[in-house]
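Reviewing the structure listed below.
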Amino acid sequence: MSDDLDALYRELILDHSKHPQHFGLAPDADHTGTSHQKNPVCGDEITLRARVDGEQIADVTWEGRGCSISQASASMLADLVGEEDLSRGEAITLIEGFREALRSRGQIELDEDVYGDAAALTGVSKFSARVKCAMLAWVALEDALAKA
Ligand code: ZN
């Protein structure tokens, strides 16, 4: 990855952590699933709620606290789901691809056309201690969808 891209990605992560998108849980209602995930190593916590409409994901909201990577990742994920009008199946495919890239130790890059701002988290895969931070919200969505 070039230094310019690296700087741009760092800025995106900072921006999302300062201005989290879809922050604040929507009311618990029918067809919602909620997941609370913790990363005790870093002290990150995410509560994420997904509302589904049949096979489509209607919206994703979340609350949390912790390091900038964990919070930015949740914000980026909620943005991505909100913009792309994803089905459950599409979301699961994205989560699996994200997990594979984050565990690749820098071998697999996230495609910006597919992952939007979340592609900025590509570089995290080189730092194994931070992979859990970046994965937290994605694990929460996987769990929330299974409950919704
Ligand atoms: Zn963290």
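The values are calculated or read from the model by the stated rules, or taken from the named source; none is laboratory data. Note that the structure is predicted; figures quoted are calculated from it, not measured. Glycine also receives a Cβ, built like all others from the backbone with ideal geometry; neighbour counts cover every protein chain displayed.
Things to note:
- ALA74 vs. criteria touching a strand residue (DSSP E or B) at 6+ places or on another chain (Cβ under 6 Å), buried (at least 18 other Cβ atoms within 10 Å of the Cβ) and at pLDDT 95 or above: yes
- Residues that are among the hydroxyl-bearing types (Ser, Thr, Tyr) and without any contact (Cβ under 8 Å) to a residue 60 or more places away in the chain within region 77-122 comprise SER87, THR93, SER104, TYR115, listed in sequence order.
- Within region 27-54, the set of residues being modelled with pLDDT of 95 or more, farther than 16 Å from ALA134 by Cβ and among the hydrophobic types (A, V, I, L, M, F, W, C) comprises ALA50, VAL52.
- Applying a threshold of 7 Å to beta carbon distances and a minimum spacing of six or more residues, or different chains, the list of pairs starting in region 7-36 at a residue that is farther than 19 Å from GLN71 by Cβ and ending at one that is of a type in the set (S, T, N, Q) reads ASP28/THR34.
- Residue count, region 44-67 (criterion: under 13 Å from the mean Cα position of the chain (by Cα) and of a type in the set (A, V, I, L, M, F, W, C)): 5
- On the stretch given as region 123-148, residues that are surrounded by 21 or more Cβ atoms within 10 Å (Cβ to Cβ) and without any contact (Cβ under 8 Å) to a residue 24 or more places away in the chain total 0.
- Contact map, region 37-61: first residue of a type in the set (S, T, N, Q), second residue outside any strand (DSSP E or B) and more than 16 Å from the ligand (Cβ to nearest atom), Cβ cut-off under 6 Å, separation 6 or more or different chains; pairs are THR61/HIS22; THR61/LEU25; THR61/ALA26.
- Qualifying strands (runs of 3 or more DSSP E) (wholly inside region 3-105; at least 3 residues being out of contact with any Ser or Thr (no Cβ under 8 Å at 6 or more places or on another chain) and away from the ligand (no atom under 15 Å from the Cβ)): 56-65
- Selection of region 109-130 for residues being under 15 Å from MET76 (Cβ atoms), of a type in the set (A, V, I, L, M) and within 16 Å of the ligand (Cβ to nearest atom) yields ALA118, ALA120, LEU121, VAL124.
- Scanning region 67-102 for residues that are among the small types (Gly, Ala, Ser), touching a helix residue (DSSP H, G or I) at 6+ places or on another chain (Cβ under 9 Å) and within 14 Å of LEU48 (Cα to Cα) turns up SER70, ALA72, SER73, ALA74, SER75, ALA78.
- Condition broken by GLU63, with the remaining ones in (1) in contact with a helix residue (DSSP H, G or I) (Cβ under 8 Å, 6 or more places away or on another chain); (2) acidic (Asp, Glu); (3) surrounded by 12 or more Cβ atoms within 10 Å (Cβ to Cβ) satisfied: (1)
- Residue in region 6-13 that is aromatic (Phe, Trp, Tyr), farther than 14 Å from CYS133 by Cα and over 14 Å from the mean Cα position of the chain (by Cα) present: yes
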